[in-house]
Structures are given as structure tokens and as C-alpha cells.
Amino acid sequence: MKFEGIYTPVITPHGNDGSIDRDALAAQIEHLISSGVHGLINGGSTGEYYAQSIDERKEMATFAKDVIGGRVPLIVGTVSVRTDDSIMMAEHAAKIGADALLVGSPPYSVPTERENALNALAIDRAADLPIMLYNYPGRMGIDMGEEFLDRVGRSRNFAAIKESSGDINRVHLLARDYPHIQMSCGMDDQALEFFAWGARSWVCAGSNFLPTEHIALWRACAVEGDFDKGRRIMSAMMPLMRVLEQGGKFIQAVKHGCEMAGQYAGPPRPPLHGLNKDDKRQLEQVVRVLKRTVAQIEAEPRT
């Protein structure tokens, strides 16, 4: 499977009582597809999988597949503390006809490279679907290092890796030493660097509410090869990326961004709480300037 373009990890809209608002989720999926994103991820951290039961996660994956049909690829997240739970999610993804899995390291347990690879290979055997790995040591506590990559590379299903370490040396390592594993940008403030090193896809939570602008950066760099234009768009997007990546309120900001765009998102589930008034005001100002600037860049005639 080739991963090309913008892949949105879809939010999970909630009512004030924490219940999942399925109508709002369907509306969000429709909005993203009509906006031109290239694939959707259900059960990622942006979707608050960690605050859901396995039964809820399975139900939401089925719901997403029913809404999407075959219009864009669906990737189902399998990350869990327990390997058995990850296997259940993988088996369910295969059953409902998902296109691929998102496989991360099990949080908190801090397995060795070998143990982590065996965990990933067990998930692979359960579904036999294309896999996008998810390297996020900031959340999981460990890196998917060279021993891990060498071990899982024995299976043809490990097709891509969403790299979210923030370490630019990892980008260099993946591009030079693991070219058979497609590199996907998982660190928004390094998107330009990922594209310069050959990434063809970007998994970006901000595309929940700014799909047009994220697609514009991807197109400029990965399709047109116009890195002058890409740098200008990236420069316009950097204030947003600082708010999202460094504010400590990532999901809350993404959900408020959706509300700003007219898409109901509702509050996050506990232990998280929504943005305060100052945080909302800051995000709103950043988004206004970003949208105006990117629209101006996109409107310029090609030379």
C-alpha cells in the first residue's frame, strides 16, 4: 500500500456527558472527505482512544468504515497497553474491511526492542493488513530503534512509519537506511524537513479543521516540488504548530479548531478539559492569520 497525501486522525465528538456523538462524527468524516484529504485514521490519540473501552473502539471503527465506504482508505489504530487488546483491534479491523493498521509501541510497559518487535509482529499476524508504524517515544516511553525496524522488516506488511519523535536524526536514519519503509510526517513542525527527505504523506491532527491549508503544504512540496512556496506556507503555519505541539493542550486545541470551522466536536473526555478563554482567543487569532496568509499564497499566479 502506498501512503500518499494527508491522513487525518479523526476526532471523536462528545456530548457534555462524555457520550460519543455519532451524528457529529459522521459529519466530521464527510467534511474531511469533501475537503480532499487522502485517508482517515480511526482510533488514534487525536480520537482519544485511550479514554475508550475496547468495545467502543471496535464500534467506532465499524461506524467509520460504514460512513466512509470505499471513498478513502481507513486506517484503524491498535495501540493498547495489553497485546491482547491490540490483537482484538487488528482482527476487528480486518473483519470490517479496513485498509491498514496503525501500530504503535505499548505505552508504559517500556519493552525492549525485541519485545516491542514481537508485539508488533503478533498484531501483524492477527490481521495480515498493511501497517503504518507509529513511533512516538514522548507518549510511549521508547523508540522504535534499528533492532526493532530490522525485526519487523521481515514482514512485507510493515509498509510505513509515522515518525513523531521530533528527532531530525531519525528522519535521516529512516530516509537513508530504511527506504523500503515509507516515511510519513508525524511531527507537524518538521513537515517541510520530512518532505525534503522524501516523505510522501503527513498524518496531521490539524487537518481536522484546516484540511485545505495542510493539503496546500503537502501539494507544494511533495507534488509540485516547489520548496520556495512550501517554505512560505510552512512559515505561515508555524504559529499554529507551536500552539498545538508546545501548549500541552493538543486535543483540546484541535477540538476547538473544529468548532471554529463549524464542525461540532464537544469536550474531550476526562481527565482532559477544554480550553480556557485565553487559549481559545490565542488559537482563533493564529488560525485567522494562517488562513488569510495561505489563501494569498495559493492565489498567486504560478511563475
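The values are calculated or read from the model by the stated rules, or taken from the named source; none is laboratory data. Predicted, not measured: the structure shown is a model, and the values here were computed from it. For neighbour counting, all protein chains shown are included, and Cβ atoms are generated from backbone atoms with ideal geometry for every residue, glycine included. With ligands, DNA and RNA removed, areas are computed over all heavy atoms of the protein, side chains included. Shrake-Rupley method; radii C 1.70, N 1.55, O 1.52, S 1.80 Å.
Brief remarks on what is shown
- Its alpha carbons give the chain an Rg and a Dmax of 18.2, 55 Å.
- Counting every alpha-carbon pair across segment 105-195, the share separated by more than 15 Å comes to 56%.
- Per residue, segment 26-122 exposes an accessible area of 37 Å² to a 1.4 Å probe, with every protein chain left in place.
- Highest mean packing first, where packing is the average number of other Cβ atoms within 10 Å per residue, the peptides 205-215, 73-83 line up as 205-215, 73-83.
- FRET efficiency for ARG71 and LYS95, using Cβ-Cβ distance with R0 set to 22 Å, rounded to 0.05: 0.65
- Pairs beyond 31 Å (Cα-Cα), from LYS2/LYS58; LYS2/LYS229; LYS229/LYS277; LYS65/LYS249: LYS229/LYS277
- Calculated [222 nm] ellipticity per residue, helices only, for the chain: -15000 deg cm²/dmol; basis is -39500 (n - 2.57) per DSSP H run with n ≥ 4, divided by all residues, nearest 500.
- Per residue, the solvent-accessible area of segment 194-256 (1.4 Å probe, heavy atoms of protein chains only, all protein chains present) comes to 34 Å².
- Kirkwood Rh and Cα Rg combined as Rg over Rh, evaluated for segment 1-87: 0.96
- In units of the compact-protein estimate 2.2 N^0.38 Å, segment 1-150 shows a Cα radius of gyration of 1.01.
- Rg ratio (alpha-carbon, reference 2.2 N^0.38 Å) - segment 183-303: 1.07
- Peptides 15-21, 163-169 ranked from most to least packed by the mean count of surrounding Cβ atoms within 10 Å: 163-169, 15-21.
- Cα centroid separation, segment 124-193 to segment 225-252: 21 Å.
- Using R0 = 30 Å, the C-beta based FRET efficiency linking ARG125 and LYS291 works out to 0.10.
- Of the solvent-accessible surface of the chain, computed with a 1.4 Å probe over protein heavy atoms with every protein chain present, carbon and sulfur atoms account for 49 percent.
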